[in-house]
Amino acid sequence: MERLELNISTSFPKIELGEKCLFLGSCFSDEIGNKFKKSKIDTLINPFGVLFHPESLVKLINRAIDQDFFKKTDFFEFQDYWFNYEMSGAMAKFDRNEALEFANENLKKMREYLLSCDRVFITFGSSVERRVNGNIVANCHKQPKNLFERSISSSDSVFFAVKTCLDKLIKVNSKLKIYLTVSPVRHVKEGLVDNQISKANLLIASNNLVKSLNYIEYLPVYEIVIDCLRDYSFFKDDLVHPNSKAVNNVWQLIKANLFTDNFNKFEKELSKFQSAMNHNSLFPKSSAHKRFLSSILATANNIEGKYKIDLSSEKEIINLCLKNLA
């Protein structure tokens, strides 16, 4: 089938092994962030869970930079768990003190990454906003609809909120390279028309941010999935979330265009090693399998020495298998 093609270009230095990356935003940032992590890039992914609205993201970035820690009063009880309107429901805990401690530990972790990492990838999901007492919530946590005021944020409001935050961030970490993306996930519960308006505002805001700030680039993930792949065979059964084929298409483009040749060489060797690790032998107690395990252990040692990365957890698994065969 013929398809439109769109490449990913960058003026930033290519990403190399040993760099540190932070992923924030929609569930698509989870998908790509996990690809980075699997490829042994030092990566932190959504320490407060999946977040969709840009202003929810920047509120947490500001909290982390300013060390504005959460208080007990920031949490509310629902169905025996303690929730916070600034973060995903996945962060809820049964005990309020535990919820508070967990949130503040993640805030410290996020701050450490913001101040020391090399790249931040921010994925905007939606500009549909809901407010309680004038404050945008990151998640409604299944509370009654009449508690919230719903509207769609303008591209200007998104632009100014994000720009103010990122200007602050670059002052505390001047080496940062920041990538903006818009999630291709359709927010059908908002209605298809409002979803399109919502995405349009995010795209306009992202374009204006790139024009205004020289430490930001836009990655056309939304366009690749929606326009180039443009087929429900690239979506899960819900017809909303991109499936593994779509994610892999984007990942291949990111690898080819954002990473160094040295990284891509390493990634090929690592991928071959990981495939060998996942191989299930028909005869696990055979001497041939023992030789196979010894060979992939040698491969692990070779990759570690060649690329200066840590494969100790993988080697521990292999050694345990060898021990059980002794």
State all residues of the stretch 168-225 that are in contact (Cβ under 8 Å) with a residue 12 or more places away in the chain, touching a Lys or Arg at 6+ places or on another chain (Cβ under 8 Å) and closer than 19 Å to F52 by Cβ; if no residue qualifies, say none.
I178, Y179, V182, N195, L209, Y222
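Which of the following residues is of a type in the set (A, V, I, L, M), in contact with a Leu (Cβ under 9 Å, 6 or more places away or on another chain), over 18 Å from V247 (Cβ atoms) and not in a loop (DSSP other than H, G, I, E, B): L100, L24, L51, L60? Talk me through it step by step, then tell me what you get.
On the way: L100 fails: in contact with a Leu (Cβ under 9 Å, 6 or more places away or on another chain); L24 fails: over 18 Å from V247 (Cβ atoms); L51 fails: not in a loop (DSSP other than H, G, I, E, B).
Matching residue, one of L100, L24, L51, L60: L60.
If you take the residues of the stretch 140-159 that are among the small types (G, A, S) and exposed (fewer than 15 other Cβ atoms within 10 Å of the Cβ), which of them is farthest from N62 (Cα to Cα)?
Top of the filtered list is S151.
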Can you name every residue in the stretch 114-136 that is over 20 Å from the mean Cα position of the chain (by Cα) and part of a loop (DSSP other than H, G, I, E, B)?
N133, G134
Taking the stretch 20-38 and keeping residues crowded, with 21+ Cβ neighbours inside 10 Å and more than 22 Å from L202 (Cβ to Cβ) leaves F36
Only one of (1) modelled with pLDDT under 95; (2) in contact with a Leu (Cβ under 7 Å, 6 or more places away or on another chain) fails for I122. Which number is that?
(1)
Residue, surrounded by the fewest Cβ atoms within 10 Å (Cβ to Cβ), within the stretch 160-190, restricted to residues that are of a type in the set (S, T, Y) and within 30 Å of S244 (Cα to Cα):
Y179
Checking K109 against (1) surrounded by fewer than 17 Cβ atoms within 10 Å (Cβ to Cβ); (2) of a type outside the set (F, W, Y); (3) touching a Pro at 6+ places or on another chain (Cβ under 8 Å); (4) over 30 Å from P13 (Cα atoms), the condition it does not meet:
(4)
Does the stretch 217-238 contain any residue that is in contact with a strand residue (DSSP E or B) (Cβ under 7 Å, 6 or more places away or on another chain) and surrounded by fewer than 17 Cβ atoms within 10 Å (Cβ to Cβ)?
no
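Quick check on the stretch 242-267: of everything there that is touching a Lys or Arg at 6+ places or on another chain (Cβ under 7 Å) and within 20 Å of V182 (Cβ to Cβ), which residue is surrounded by the most Cβ atoms within 10 Å (Cβ to Cβ)?
Restricting to residues being touching a Lys or Arg at 6+ places or on another chain (Cβ under 7 Å) and within 20 Å of V182 (Cβ to Cβ), the top hit is L258.
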Residues of the stretch 24-46 being under 19 Å from K59 (Cβ atoms) and touching a helix residue (DSSP H, G or I) at 6+ places or on another chain (Cβ under 9 Å), in sequence order, are L24, G25, L44, I45, N46
Being under 35 Å from the mean Cα position of the chain (by Cα) and hydrophobic (A, V, I, L, M, F, W, C) is the filter; apply it to the stretch 271-291 and report the residue that is surrounded by the most Cβ atoms within 10 Å (Cβ to Cβ).
F273
So S198 passes all but one of these: (1) in contact with a strand residue (DSSP E or B) (Cβ under 6 Å, 6 or more places away or on another chain); (2) part of a loop (DSSP other than H, G, I, E, B). Which condition number does it fail?
(2)
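The values are calculated or read from the model by the stated rules, or taken from the named source; none is laboratory data. Keep in mind it's a predicted model, so treat the numbers as computed, not measured. Quick reminder, even Gly has a Cβ in these numbers, built from the backbone with ideal geometry, and neighbours come from all protein chains shown.
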